[in-house]
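S.K.: The structure under discussion is supplied below as structure tokens; questions concerning it will follow.
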Amino acid sequence: MALLRATSPSDFGPVIESDRVMLRTPQMSDYPAWAELRASSREFLMPWEPLWAPDELSRASFRRRVRHYLRDLREDVGYALFIYATATNALVGGLTLCNVRRGVTQSCTLGYWIGANHAQQGYMTAAVRAVVPFVFDSLELHRLEAACLPTNAASIKLLEKTGFKREGLARRYLRINGAWQDHLLYALLDSDMRS
């Protein structure tokens, strides 16, 4: 079961905890752990992500990321969260809730990445399960969407294990690793969680 802790004025954004993971908004103090994890996982992550910029792992690039994350948080259009293993307090990956749409839609898009050394250990499953109540209960959204490459068996398994339903195929949907690629579309509704 996930616990959403109220944040203090010195904190930025939500803190979401479960027995396996703790999720919180990235801060500049996370830079060394983030840069090390991303660098050591580069080959593992590249097939599933947009092309990396030449300065991808620089402190200046990370600073721009953090500023962007905090602006999105203030404007209620996105929530970037780093995932920490509860047992070791080690950074293991990241999760984003982006494209928050209000009005008649009430939805957002889920994205995620995991460090190579932490893959297939249940951390991402725990993180997705922990963030779902935040999406539906705290943000009061109706729909959580996700997309993955048809060849990404681990992502397909993750989404289906956490209750997402496959809704279709989007042709040439996202530019991944330098090429426009088809993606499987998934969604989880607030009503799915109550049934």
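Bear in mind these aren't lab numbers, they're just calculated from the coordinates by the rules spelled out. Only a predicted model underlies this, so the values are computations on that prediction, with no experimental measurement involved. Ideal geometry is used to build each Cβ from the backbone, glycine not excepted, and the neighbour counts take in all protein chains shown.
S.K.: Based on the Cβ-Cβ distance from residue 185 to residue 138, what FRET efficiency comes out when R0 is 22 Å, to the nearest 0.05?
M.R.: Rounded to the nearest 0.05, the efficiency is 0.35.
S.K.: Further, regarding this structure: Would you mind estimating how fast region 91-195 diffuses translationally, via Stokes-Einstein at 10 °C and 1.306 mPa s with the Kirkwood radius over Cα pairs, in µm²/s? It would help to have the intermediate numbers written out before the result.
M.R.: Values: Rh = 14.3 Å.
Reported coefficient: 111 µm²/s.
S.K.: Okay, next question. Long-range amide H contacts for residue 92: which residues qualify at under 5 Å (H placed 1.01 Å from N, peptide plane, sequence gap of 5 or more or a different chain)?
M.R.: 83, 84, 85
S.K.: How much length is gained if the chain between residue 119 and residue 174 is pulled fully straight, taking 0.36 nm per residue apart and subtracting their Cα-Cα distance, in nm to one decimal?
M.R.: That works out to 17.5 nm of additional length.
S.K.: Per 10 Å bin from zero, what fraction in whole % of the C-alpha pairs of region 8-50 is there, up to the bin with the longest pair?
M.R.: It works out to 22, 36, 36, 5, in whole percents.
S.K.: Then there is this: For n ≥ 4 DSSP H runs only, could you compute -39500 (n - 2.57) per run for the chain, divide by its residues and tell me the 222 nm figure to the nearest 500? If you can, show how the numbers build up before the last one.
M.R.: Details: 6 runs with 55 residues, N = 195.
That calculation yields -8000 deg cm²/dmol at 222 nm.
S.K.: Find the percent of Cα-Cα distances in region 39-156 that exceed 22 Å, and round it to a whole number. Before the final figure, lay out each step's value.
M.R.: Details: 2699 of 6903 pairs.
Value for region 39-156 (Cα pairs over 22 Å): 39 percent.
S.K.: Any idea how far apart residue 76 and residue 12 come out in nm if each label point goes 7 Å out from Cα toward Cβ?
M.R.: Taking the two extended label points, one gets 2.0 nm.
S.K.: Next question, about the same structure. Roughly speaking, what is the stretch gain from residue 57 to residue 88, that is 0.36 nm per residue apart minus the C-alpha to C-alpha distance, in nm to one decimal?
M.R.: Length gained between residue 57 and residue 88: 8.8 nm.
S.K.: Next up: Using each residue's phi in region 113-119, evaluate 6.51 cos²θ - 1.76 cosθ + 1.60 at θ = phi - 60° and report the 3J(HN,Hα) Karplus result to the nearest Hz, with x for Gly and Pro.
M.R.: Couplings: 8, 9, x, 3, 6, 10, 5 Hz.
S.K.: With N set to the residue count of region 142-195, report its C-alpha Rg divided by 2.2 N^0.38 Å to two decimal places.
M.R.: Working it through for region 142-195, the quotient is 1.19.
S.K.: In whole Å and largest first, what semi-axes does the C-alpha gyration tensor of region 45-96 yield when each eigenvalue is scaled by 5 and square-rooted?
M.R.: 19, 18, 12
S.K.: Starting at the first residue of region 136-144, write each ³J(HN,Hα) from the Karplus equation 6.51 cos²θ - 1.76 cosθ + 1.60 with θ = phi - 60°, in whole Hz, x for Gly and Pro.
M.R.: Here the 3J(HN,Hα) series is 8, 9, 7, 7, 6, 8, 9, 9, 10 Hz.
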